[in-house]
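Q: Before we start, here is the structure in question, set down as structure tokens.
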Amino acid sequence: MVRAAAEIIREYGPFEGEQVAGVTHDGRQVWIATGSSIKAFDPANGDVKRSLDVPAHAGTAFDGKHLYQIAEARIQKVDPDSGEIISTIPAPAGGGDSGLAWAEGSLWVGAYRDRKIHQIDPATGQILRSIPCTRFVTGVTWVDGELWHGTWEDDVSDIRRIDPATGEVLDQLDMPQGTGVSGMEANGDTLYCGGGPSGKVRAVRRPKRARG
């Protein structure tokens with residue numbers, strides 16, 4: 001395992017809302033779950049461009065067309081243009097769910113206190129497989145074939161790249177003391193990390209060594 005301090009390259013916010021929970025990226029905008037709404041902001045300047053009145057308590061994901069949003073014990077499929085909730089499926093941890101990502105035609109869901117990441121069928125919610133983790137799991141993201149997740153336990157938070165087959169930690173980026181990671185999404189070299197009750201989003205540089 002390679003361990004280093006996280007390099008925070010930019011901070012956004014604080015944004016209006018209860019907290020920043022889930023985070024995703026649609027190729028242009030960063031979407032954040034703020035409790036009673038999903039907001040989109042421009043990463044170039046931090047300006048909020050959109051707000052959808054959708055319950056948004058944990059992870060957020062984007063499949064190229066639709067948003068997926070955890071609300072309590074369910075995952076909602078949302079039209080990003082209208083805010084319409086198209087369908088819902090049960091969340092695998094029954095309300096203990098955290099991060100959410102889309103990859104390989106599946107949803108990947110963090111189970112916070114269970115210390116797991118579940119791969120699920122986006123149509124039914126069926127668990128296809130589970131990956132063990134060693135700390136409480138927060139945000140989850142896939143980028144360039146790499147699986148990353150955030151942790152937040154005992155007031156200590158870090159970002160980890162893990163082996164998707166075994167859960168082994170391959171890279172660990174330690175966040176500064178008092179700085180937590182809730183939701184997380186990668187876009188190229190940048191990991192966008194929700195800051196929970198701080199209301200902020202922090203952009204963290206993804207290390208080049210992890211990409212070979």
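The values are calculated or read from the model by the stated rules, or taken from the named source; none is laboratory data. Everything numeric in this text was worked out from a predicted model, so none of it was measured. Counting neighbours? That spans all protein chains shown, and the Cβs are built from the backbone with ideal geometry, glycine included. Only protein heavy atoms, including side chains, enter the accessible area calculation; ligands, DNA and RNA are left aside. Shrake-Rupley method; radii C 1.70, N 1.55, O 1.52, S 1.80 Å.
Q: Residue by residue through the stretch 70-87, note down the ones that are acidic (D, E) and in contact (Cβ under 8 Å) with a residue 12 or more places away in the chain.
A: E72, D79
Q: Regarding the stretch 44-52, can at least one residue be identified that is buried (at least 20 other Cβ atoms within 10 Å of the Cβ), without any contact (Cβ under 8 Å) to a residue 40 or more places away in the chain and not basic (K, R)?
A: Yes: the stretch 44-52 contains one or more residues that are buried (at least 20 other Cβ atoms within 10 Å of the Cβ), without any contact (Cβ under 8 Å) to a residue 40 or more places away in the chain and not basic (K, R).
Q: Which number in (1) touching a strand residue (DSSP E or B) at 6+ places or on another chain (Cβ under 7 Å); (2) over 24 Å from V137 (Cβ atoms) marks the one condition that P90 misses?
A: Only one criterion in (1) touching a strand residue (DSSP E or B) at 6+ places or on another chain (Cβ under 7 Å); (2) over 24 Å from V137 (Cβ atoms) is unmet by P90, namely (2).
Q: From the set of residues in the stretch 118-127 that are crowded, with 16+ Cβ neighbours inside 10 Å and under 16 Å from G96 (Cβ atoms), which is nearest to the chain's Cα centre (by Cα)?
A: Step by step, filter the stretch 118-127, then rank; the result is H118.
For every residue, the table says whether it meets (1) open to solvent by less than 10 Å² (accessible area, probe 1.4 Å); (2) within 16 Å of the chain's Cα centre (by Cα); (3) touching a residue at least 40 places away in the same chain (Cβ under 8 Å).
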position: I89; (1), (2), (3): no, no, no
position: K116; (1), (2), (3): no, yes, no
position: R129; (1), (2), (3): no, no, no
position: G139; (1), (2), (3): yes, yes, yes
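Q: A further question follows. Residue check: is G83 touching a Leu at 6+ places or on another chain (Cβ under 9 Å), open to solvent by less than 10 Å² (accessible area, probe 1.4 Å) and not hydrophobic (A, V, I, L, M, F, W, C)?
A: On the way: touching a Leu at 6+ places or on another chain (Cβ under 9 Å): yes; open to solvent by less than 10 Å² (accessible area, probe 1.4 Å): no; not hydrophobic (A, V, I, L, M, F, W, C): yes.
Against the criterion (touching a Leu at 6+ places or on another chain (Cβ under 9 Å), open to solvent by less than 10 Å² (accessible area, probe 1.4 Å) and not hydrophobic (A, V, I, L, M, F, W, C)), G83 does not qualify.
Q: To continue, here is another question. Can T151 be described as farther than 17 Å from S106 by Cβ and free of Cβ contacts under 8 Å to residues at least 40 places away in the same chain?
A: Spelling it out, T151 is indeed farther than 17 Å from S106 by Cβ and free of Cβ contacts under 8 Å to residues at least 40 places away in the same chain.
Q: Same structure, new question: Cβ contacts < 7 Å: first residue touching a residue at least 60 places away in the same chain (Cβ under 8 Å), restricted to the stretch 192-209; second residue among the aromatic types (F, W, Y) and surrounded by 24 or more Cβ atoms within 10 Å (Cβ to Cβ), any location; separation 6+ or different chain. Result?
A: Listed pairs, sorted by first residue: V201/Y192; A203/Y192.
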